[in-house]
1. Can you send over the solvent-accessible area of E298, 1.4 Å probe, protein chains only, in Å² to the nearest 10?
2. What is the dipole size for the range 128-274, taken about its Cα centre, with +1 at each Lys and Arg Cβ and -1 at each Asp and Glu Cβ, in debye to the nearest 20?
3. Where does each of C95, C181 land when they are ordered by accessible area, with a 1.4 Å probe and the largest first?
4. Ignoring ligands, DNA and RNA, what percent of the accessible area of the range 112-248 is carbon or sulfur (1.4 Å)?
5. Could you tell me which residue out of V222, T134, V212 lies farthest along the dipole of the range 121-250 toward its positive end? Charges go on the beta carbon: Lys and Arg +1, Asp and Glu -1, centred on the Cα centre.
6. After finding the eigenvalues of the alpha carbon gyration tensor for the range 87-149, what semi-axes result from the square roots of 5 times each, listed largest first in whole Å?
7. Accessible surface of S314 in the full protein assembly, 1.4 angstrom probe, to the nearest 10 Å²?
8. Suppose all protein chains stay in the model; what accessible area per residue would a 1.4 Å probe give for the range 150-273, in Å²?
Amino acid sequence: MSDRDEPRRRSRFRRGPRRHEPAVTTRADTALSAAGATAPVPAPAAAPAAASRGPRSSARLGRLLRSPAGPGEPLFAQAPKAWLRLLPFAVTAACVASLLPVTVVVLTDTYGAGGGWAGALGVAQTVPLLLAVTRPVRAWAIVLAADTVGALVVLGSESPAWPAWPWTPMGIVGYSVVMVCLGLREPVRTLIGVWLATGAAGVVLGFFHPVVATDTAVLLFVLSGALLAVTGSLRGLGDAQQRIAEQESISEAERARRTLLEERARIARELHDVVAHHMSVITVQADSAPYRLPGMAEPVREEFAAIAASARESLGEMRRLLTVLRSDRATGASASGAAGSDGGPGGGDGADRAPQPGIGRIQQLVEATVRAGQPVELSLAAGADKAAPPAVDLSAYRIVQEALANVVRHAPGARARVSVTHDAQEVLVLVVNGPGQDGAPVLETAGTGHGLVGMRERVRLTGGTLDTGPLPGGGFRVAARLPLNRPNEEAS
């Protein structure tokens, strides 16, 4: 018999005056198409791109400056765009192109160095800036050595007056570029060593300081320290943010794992009542068989006695396991409430010992949701509660319960449709809701995912399938197929 031919009882619950609307059919595709026909919510007008382009670029550049680079990686190696990855090379190349000719001219004309020495020192003091993008420590060593040699070379020249010594103005600019690259790449210990080495070189050269020159050793020492402090702080901030992100990802994985384990424990507690009932029936039937069937042979009596003993032992083991599972009351406390996933009035022993709900109580669940102000329409096939085995019966109720709770939390005021049908092979549970009403307060903007985890675990328990996702016109759908007879699986 198809689900169209089955008798069914339909009940509509809605807030406000009754509206004449077409009834929801029992087919999943028809319900989905009905829900998908909701008019799409107009998207808010986009802000002008030109107004926010500058702040976005500045924020992206700031993130790149704080992003730590690995050994051997150039600066901005983690940038998403190619032009950002090439930006450090372009900046250093521009510095080399501008500083190299100026350095040669100043060393020749102002400091009186020979043309060969001026060209060699100009190359040695500026070209290593390109290396500072990937190997800043090596570049610093080359530049410091070149600046020191340059100070000694010009010391023996016959220039009547020098504007600055031991560090030339062009050397200070190139050295500052190297300091920036060092601070963004190297740890604090290396930065301190570089800064102290810079001061030591200035102190040693100070013993040979000519009277006519302006001393720049202190200037470079203070400037390099300030640059290293600022860039080192940026790198430290990036390292701290990276560690925080790693810890958050680990915490999220642990939270998801804990959620899964808690949901499995709750399902195990609920299934205890289902399995314990059948085990108790087996025990009673095996114990009473000799009295109900007189004239039973002795081997048959012993067989029934063994069956009853095994059933009682299994029931005892299950109760001991349940004691361990129920020792954690946090799950029951957090799941209590009308909008929660527990469905009962709070946790505790009373809720644990209450009869487990099933498809027959979905109508009461819908009525409670409507009283809370959520319009819901129900289509419940007759006989579905009697056709479903206990595990499927409980899973169907819990799936509808969690789906309606998600509607209340994430789409208040949205119209929802619940459909439960069955045939000879499976029970189909379908919950579809439209977009929330404008102006309605949203209880939660970002869920924890606990509800979907519970749905998946219950569907997996029965061997069924679950399909969830947003609808094109707004809203959400939950479709679960729960087989009435689960195929045999290997024990694992």
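The values are calculated or read from the model by the stated rules, or taken from the named source; none is laboratory data. Keep in mind that what you see is a predicted model, and the values were worked out from it rather than measured. Please note: Cβ atoms are built from the backbone with ideal geometry, for glycine as well, and neighbour counts cover all protein chains shown. Just so you know, the surface numbers come from the protein's heavy atoms only, side chains and all, with ligands and any DNA or RNA stripped out. Shrake-Rupley method; radii C 1.70, N 1.55, O 1.52, S 1.80 Å.
1. We get 110 Å² for E298.
2. It comes to approximately 220 debye.
3. Final ranking, largest accessible area leading: C95, C181.
4. In the range 112-248, the share of accessible area belonging to carbon and sulfur is 72 percent.
5. After comparing all options, I get T134.
6. The answer is 22, 14, 6 Å, longest axis first.
7. That residue has around 60 Å² of solvent-accessible surface.
8. Accessible area per residue: 52 Å².
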